[in-house]
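First the structure, in the form of C-alpha cells, and then the observations on it.
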Amino acid sequence: MFFYIWAYAQEPTTDKIYLKNGSIIAGKLIQYHPEDSVVFKIQDGNTITFSSKLVKKVKMYSETEIRNTYSFRQNTFYTRSQLSILYKKDNSGVSFSQSAGYQFKHWLAVGAGIGVDNYRLEQGNNLMPVFIELRTFLLQQNLSPYFSLRAGYSFAFEDKSIGQTEATGNYFINPAIGYRLGAGFPYVDIFCGAKFQKTQYQTVDSWSKSLFDIIYRRYDIGIALTF
C-alpha cells in the first residue's frame with residue numbers, strides 16, 4: 001500500500017473537471033477538445049471520456065499538461081485583424097485588413113473581409129481590397145504552420161491634389177505561409193507572403209494627359225490577431 005501511494009503521488013492528479021450537473025472530478029487530463037470531448041484519468045486509474053456538452057469547465061494545474069493539451073477551437077466563427085508591410089526595396093507600403101469567417105476544422109477556415117492597402121508611402125497609391133480568404137493549418141497542434149490564400153478586387157480612388165483624374169482598380173491575389181503561436185481564441189500568428197495587384201491612374205496637367213498602368217508586386221510580411 002505504501003509503495004502504491006508513493007508511485008501514484010509522483011504523477012500529477014490535481015486537474016479537475018466540472019460537469020454541468022454539479023459534479024467535480026479530480027484526476028489527470030489526457031486530452032481536451034473543446035468542441036468534441038474531454039478524456040480524463042480518474043484517481044482509480046481508469047480513463048473516462050466525457051462529451052464536451054456535459055462539461056462546464058476544466059481546470060488544469062499541471063504546466064506540462066497545459067502546454068501539451070490541444071485546445072484549438074473548431075466549428076466556430078472568428079474575426080481576424082491583420083497588419084503587414086508591403087515590402088519592396090525603396091517602395092514599401094503598409095496594409096491593414098479586417099475579416100470574419102468560420103473555422104470548420106483545423107485544416108479549413110473560410111472568410112471574407114475588407115482592408116486598406118498603401119503600396120507606396122506617398123499620395124495616390126491607396127487601394128481598398130475586398131476579398132475572400134481560405135486558411136489551412138497543417139498540424140493538429142497548438143503551434144502549427146499554415147497556408148492561406150486571399151483573392152478579390154481592390155477599388156482605387158483618384159487623388160486630385162496630385163493631378164489624378166481617374167483611378168481604376170483590378171483583381172488581386174495574395175498567397176502566404178505563416179505560423180500560429182497559440183491555440184485558443186484569441187491567438188496570434190505571423191506570416192510572409194506575396195501580393196500581386198494591378199491598377200490604372202490617369203493624370204492631367206496643363207500640358208498633357210497621361211495614363212499609367214501599374215502592377216504592384218510586394219512581399220507581404222506581418223502579424224495577425226484572431227478572435
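The values are calculated or read from the model by the stated rules, or taken from the named source; none is laboratory data. All values derive from a computational prediction rather than experimental measurement. So basically every Cβ, Gly included, is an ideal-geometry build from the backbone, and we count neighbours across all protein chains shown.
Listing for the model above:
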read-out	value
Scan of segment 93-137 for residues that are of a type in the set (Lys, Arg) and in a loop (DSSP other than H, G, I, E, B), ordered by number	Arg120
Verdict on Ile221 being modelled with pLDDT of 90 or more, farther than 24 Å from Lys105 by Cα and under 18 Å from the mean Cα position of the chain (by Cα)	yes
Residue in segment 83-90 that is outside the structural domain of Pro34 (by TED's automatic domain parsing), over 20 Å from Ala194 (Cα atoms) and surrounded by fewer than 20 Cβ atoms within 10 Å (Cβ to Cβ) present	no
Among the candidates Asp90, Asp44, residue that is over 28 Å from Phe191 (Cα atoms), without any contact (Cβ under 8 Å) to a residue 24 or more places away in the chain and either of a type outside the set (Val, Ile, Thr) or not in a strand (DSSP E or B) (or both)	Asp44
Any chance Asp117 is surrounded by 13 or more Cβ atoms within 10 Å (Cβ to Cβ) and modelled with pLDDT of 90 or more	yes
Selected residue (criterion: surrounded by the most Cβ atoms within 10 Å (Cβ to Cβ)) from residues of segment 188-217 that are touching a residue at least 60 places away in the same chain (Cβ under 8 Å) and within 20 Å of Leu134 (Cβ to Cβ)	Lys195
Pairs with Cβ under 6 Å, 6+ apart, first in segment 153-174 and over 15 Å from Lys195 (Cα atoms) and in contact (Cβ under 8 Å) with a residue 12 or more places away in the chain, second among the acidic types (Asp, Glu) and assigned to a strand (DSSP E or B)	Glu158/Glu166
Candidate set from segment 145-166 (those that are surrounded by 18 or more Cβ atoms within 10 Å (Cβ to Cβ) and at pLDDT below 95); member that is farthest from the chain's Cα centre (by Cα)	Gln164
